[in-house]
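The values are calculated or read from the model by the stated rules, or taken from the named source; none is laboratory data. Keep in mind the model is a prediction, meaning the values are calculated, not measured. Here the Cβ positions follow ideal geometry from the backbone for every residue, glycine too, while neighbour counts run over all protein chains shown. For the accessible areas, the whole protein counts, side chains as well, though only heavy atoms, and no ligand, DNA or RNA atoms are used. Shrake-Rupley method; radii C 1.70, N 1.55, O 1.52, S 1.80 Å.
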Amino acid sequence: MEASGMPRRRLWQEVAIAVALAAELALVTTVTVPSSPLWPTLALGAATLAGLLLRHRHWRWVLPLVVALAGVGALLTPLVIGTYAYATRSRSRLRTVLLLVLAVLASAVPAAALPGLANSLIVLALTALCGVAAATLGMYTAARRQLLAEFRTRAEDAEADRESAEEQARRAERTRIAREMHDIVAHKISLVALQAGALEVNPAMEHEQVRQSAALIRSTATTALSELREVLGVLRGEGEEAPLVPQPTWEDVRSLVDATKEAGVTVELFDFIDDPVPDAMARTAYRVVQEGLTNIHKHARHTRARVALIGEPGSELVIEISNVLPKGFTTDLPGARMGLSGIETRVAHAGGTITSGPTEDGRFEVKAVIPWPRT
């Protein structure tokens, strides 16, 4: 709730200040100096109250004026409140100290009119003590507010950084899933398309050959759907764990070439690997060979291809997938343009390099070189 555009909390603060100042004025006029004229004290009280009410907008010049008037009028309430309010708003401690000096000097005027030096010194000491306490409390409040504001800003920045990191992680995971789906599915679907195309262009095939081709298509499609379902398990709702699937091994690399031969592509395998290949390296090699053969299925299935695997522990694993550049051949299978990008990331993560492009002897070659540490 608000009253006259002022929040309730601020309204109660202003009422409390007015009540405290009125109580002090009543004490001064009735007890301390009952024989003195009332109007100077009431005028100073009204002026200091007006200044305190304006402290939120014009504190830089209003509060020093309030402190000076309070000192001259020997009014402790506006002096303490004005000093405290100035200390909470000012970023310069020197200015706060100067304001405190102003309060003491202004208080020296009524103190000098008191009979006896001791009384004057007591008034000045009391004024200085109250002013120092108010200034100290005000500076502590300002420092605490600043510290809380910094903590709040840091918390907001940390929350923003956390949300940004989570969004980057989600994007990276979506990219990884997309690449995984491409690597797994594209190869199998290319085989299905190639096998179906063989049935289409050979209508005179014998019944047994047709049956075998249909069985191969069904098996390939079933495997593609199964692998796709396993990858999509990562996208399940929260609380559901993705299924653990067997990862490709080195034997699966050789099986890729065999499956390509069964699909009708002329491909030769030159396997010069005699030592056991680490699982992580085997998975990377599998994806490289899979992507290379998938591209051959799409764009050069009527040419001769070869896969060469060379290396040993302590040196490098070299993977070469190449085919004779087709002449005038086109395909209706779409290219996602992300397969090579995906395996480049995989190979780079394994510490290797990968190149692709036409060679001088009229072939298109994908070549990956991966460090093979000695175990």
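Note on SER315 and LEU42: the extension gain reaches 88.6 nm, defined as 0.36 nm multiplied by sequence separation minus the Cα-Cα distance. Applying 0.36 nm per residue to the separation of GLN212 and ALA108 and subtracting their alpha-carbon distance, the gain on full extension is 26.1 nm. Spin-label model, LEU147 to ARG162: label points 7 Å out along the Cα-to-beta-carbon direction sit 2.3 nm apart. For the pair VAL132 and LYS261, label points projected 7 Å from Cα toward Cβ lie 9.8 nm apart. Cβ-Cβ distance of ARG304 and THR353, R₀ of 30 Å, FRET efficiency by 1/(1 + (r/R0)^6): the value works out to about 0.70.
Using the average count of surrounding beta-carbon atoms within 10 Å as a protection proxy, the listed peptides 216-223, 290-297, 189-196 rank, highest first, as 290-297, 189-196, 216-223. With a Förster radius of 22 Å, plug the Cβ-Cβ distance of VAL101 and ILE122 into 1/(1 + (r/R0)^6) and report the FRET value to the nearest 0.05. After rounding, the FRET efficiency stands at 0.70. Of the solvent-accessible surface of the range 247-287, computed with a 1.4 Å probe and all protein chains present, 45% belongs to carbon and sulfur.
Set the Förster radius R0 to 41 Å, insert the Cβ-Cβ distance between VAL72 and ALA155 as r into 1/(1 + (r/R0)^6), and round the FRET efficiency to 0.05. Calculated transfer efficiency: 0.30.
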